[in-house]
Amino acid sequence: MSGLNLWQSLVSCSTNALKSGALQPISTHHEFLTEAGLTFLVHVSDNLQRKTALDTLLRSRAPDFNPFLPYEEALFVADLSPTHLCLLNKFNVVEHHSLIVTRAFEAQETWLTVADFAAIAHALSAIEGLAFYNGGRDAGASQRHKHLQLVPYPLLPPGYDLPLEVAITAMPDPHAPNPIPAFRFRHAFAPLTPTMTPADLHRCYGELLSTAGLHYQGEQQTAPYNLLMTRAWMVIVPRSRDRYQGISVNSLGFAGTLFVATPEQRATLTTLGPLSLLEQVAIPLP
Ligand code: AMP
């Protein structure tokens, strides 16, 4: 499927799924929080009752319930590759948030493969945005069936830049694999070039995992981590836990957008500061 067609399918599928009720966006408003010169976007849930009802629904599902096999037909966007397809994220906060899932069951806690990178690269070539992977429960994943995710740019309103993009631009040399000075926790960064093949991206991923201190061996991941990737760069962040003081963090938090479910969490986040929250759920520098 060509790039334009993938975007058109995503837009028309979202419109139809909204009309039919298959898509159930989480209603939020946004606020901003600045720490160390980086302005984070905070999505604040508008409807606590609905959020609580959703949490109860998700918890009431059998532990082996798999929302992606079979998937809901109304959420199907496109076939991406022989091994992967694209679905709408049913409970989205951001518009046009898609999931890139494996056709056959693979566990979320296995390392990414060349086929995963072929699917992400295909989706990213069609849609400029942020691809990400929550590697395991402690990295923010809620489903066991392997799913990468893609949110289209821009993630912030006009006039604001994504904190991670700001932090990368400010690096002394963003054109080489280097640490990001704003990240005061273990991580690894590498620039990408348009000519990289899925095998090149997979090799880069393995190198970043090792640089970030993860034991990259076997098929099962050896520790939780987040992967963030655009057309221009890849970042790995090893994780210590999925939440701190009740605030859950997934890959999007490291890009610079957070979600809080209650006014209390919003207040906690203001006291802590967004970068300090990230530090608490990542791993301290050696
Ligand atoms: P994560 O929570 O990062 O593992 O991402 C999984 C996503 O799957 C969540 O953001 C949910 O909103 C979404 N989800 C849950 N059930 C379904 C479903 N039936 N179809 C599509 N997406 C779903």
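List of remarks:
Results for (1) among the β-branched types (Val, Ile, Thr); (2) within 16 Å of VAL249 (Cα to Cα); (3) under 17 Å from the mean Cα position of the chain (by Cα), shown as yes or no for each residue.
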{"residue": "ALA126", "(1), (2), (3)": "no, no, no"}
{"residue": "ASN134", "(1), (2), (3)": "no, yes, yes"}
{"residue": "ASP138", "(1), (2), (3)": "no, yes, yes"}
{"residue": "PRO152", "(1), (2), (3)": "no, no, yes"}
{"residue": "LEU156", "(1), (2), (3)": "no, no, yes"}
{"residue": "LEU162", "(1), (2), (3)": "no, no, yes"}
{"residue": "PRO179", "(1), (2), (3)": "no, no, no"}
{"residue": "PHE183", "(1), (2), (3)": "no, yes, no"}
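- The set of residues in the stretch 127-154 that are away from the ligand (no atom under 15 Å from the Cβ) and assigned to a loop (DSSP other than H, G, I, E, B) comprises ILE127, GLU128, TYR153, PRO154.
Results for (1) at pLDDT 95 or above; (2) over 18 Å from GLY135 (Cα atoms), shown as yes or no for each residue.
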residue: PRO177; (1), (2): no, yes
residue: ARG184; (1), (2): yes, yes
residue: GLN217; (1), (2): yes, no
residue: ALA255; (1), (2): yes, no
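- Boolean, PRO198 is at pLDDT 95 or above and surrounded by fewer than 19 Cβ atoms within 10 Å (Cβ to Cβ): yes
- Among the numbered conditions (1) within 28 Å of LEU58 (Cα to Cα); (2) surrounded by fewer than 19 Cβ atoms within 10 Å (Cβ to Cβ), the only one that ASN226 does not meet is (2).
- Selection status of SER27, farther than 16 Å from LEU99 by Cα and not basic (Lys, Arg): yes
- Sole residue being within 16 Å of the ligand (Cβ to nearest atom) and under 27 Å from ASP173 (Cα atoms), chosen from LEU252, LEU201, LEU208, LEU214: LEU252
- The residues of the stretch 255-271 that are more than 15 Å from the ligand (Cβ to nearest atom), under 23 Å from ALA167 (Cα atoms), of a type outside the set (A, V, I, L, M) and in contact (Cβ under 8 Å) with a residue 60 or more places away in the chain, listed by number, are GLY256, THR270.
- Under the condition of being part of a helix (DSSP H, G or I), hydrophobic (A, V, I, L, M, F, W, C) and either in contact with a strand residue (DSSP E or B) (Cβ under 7 Å, 6 or more places away or on another chain) or in contact (Cβ under 8 Å) with a residue 40 or more places away in the chain (or both), the residues counted in the stretch 6-45 number 6.
- If only residues of the stretch 82-104 that are farther than 30 Å from ARG50 by Cα and in contact with a strand residue (DSSP E or B) (Cβ under 9 Å, 6 or more places away or on another chain) are counted, the one that is surrounded by the fewest Cβ atoms within 10 Å (Cβ to Cβ) is ARG103.
- Flag not set for VAL77, criterion: assigned to a strand (DSSP E or B) and within 30 Å of ALA167 (Cβ to Cβ).
- For the stretch 66-115, the tally of residues that are farther than 27 Å from THR15 by Cβ and within 9 Å of the ligand (Cβ to nearest atom) stands at 1.
- Total residues in the stretch 52-65, condition under 20 Å from the mean Cα position of the chain (by Cα) and more than 9 Å from the ligand (Cβ to nearest atom): 1
- Some residue of the stretch 50-60 being in a helix (DSSP H, G or I), touching a residue at least 24 places away in the same chain (Cβ under 8 Å) and exposed (fewer than 15 other Cβ atoms within 10 Å of the Cβ): yes
- Just one of the listed residues (VAL11, VAL77) is crowded, with 18+ Cβ neighbours inside 10 Å and at pLDDT 95 or above, and it is VAL77.
The values are calculated or read from the model by the stated rules, or taken from the named source; none is laboratory data. Since the model is a prediction, treat every value here as computed from it, not as a measurement. Here Cβ is always computed from backbone atoms with ideal geometry, including for glycine, and neighbour counts include all displayed protein chains.
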